[in-house]
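See structure below.
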Amino acid sequence: MTQQEIVLQGYNNELVKCIENLCMQKEELNKQIQQEEEEKNKLQREIQVLNEQLERVCENLAQKVASRNELDKILAETEAAYMKILDSSRTLLNVLKKEVGNLNHMPEV
């Protein structure tokens, strides 16, 4: 073999090693990419499940807040009506006391 053939063979061997090395790097990257894609898909499924749970919780919360607001309204109306009843009862009691007082001051016949 001539000197040029030996040099060319050395270049060829080195080139083959470089190509093999690049192929191995590519395979390793492919494995990492596949793992990352699987992790991404898993996380996306978890996010979807969590979003669905969040939506249900938000709906339940909105319903409960609406119910509480309705109860607040009913309570306020009931308390206002009760205060009117108390006021009417006090007025009635005062009128009754006044009438009883007037009866007690009437001369006997």
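The values are calculated or read from the model by the stated rules, or taken from the named source; none is laboratory data. The shown structure was predicted, so the numbers you read here are calculated from the model rather than taken from an experiment. Methodologically, a virtual Cβ is constructed for each residue, glycine included, from the backbone with ideal geometry; neighbour enumeration extends over all protein chains shown. Remember, those area values only see protein heavy atoms, side chains included, never the ligands or the DNA or RNA. Shrake-Rupley method; radii C 1.70, N 1.55, O 1.52, S 1.80 Å.
Odds and ends about this structure:
- Lysine pair count for region 16-109 [Cα-Cα under 20 Å; pairs on different chains or 8 or more apart]: 6
- Accessible area per residue, Å², the chain with all protein chains present, probe 1.4 Å: 98 Å²
- Farthest toward the positive end of the dipole of the chain, out of Asn12, Gln44, Met106, is the Cα of Met106, where the dipole comes from beta carbon charges about the Cα centre.
- Region 1-45 shape via C-alpha gyration tensor axes, a/c threshold 1.5: prolate
- With Cα atoms, 0 to 90° folded angle of helix 3-104 axis to the chain main axis: 0 degrees
- Carbon plus sulfur fraction of accessible area for the chain, probe 1.4 Å, in percent: 59 percent
- A simple charge model with +1 on the Cβ of Lys and Arg, -1 on the Cβ of Asp and Glu and nothing else charged puts the dipole of the chain at about 800 debye relative to its Cα centre.
- For region 37-80, projected area of the alpha-carbon convex hull averaged over all directions, nm²: 2.8 nm²
- With eigenvalues of the C-alpha gyration tensor scaled by 5 and rooted, region 1-100, Å: 94, 10, 5
- Within the chain, helix-based [θ] at 222 nm, where runs of 4 or more DSSP H residues each add -39,500 (n - 2.57), nearest 500: -36000 deg cm²/dmol
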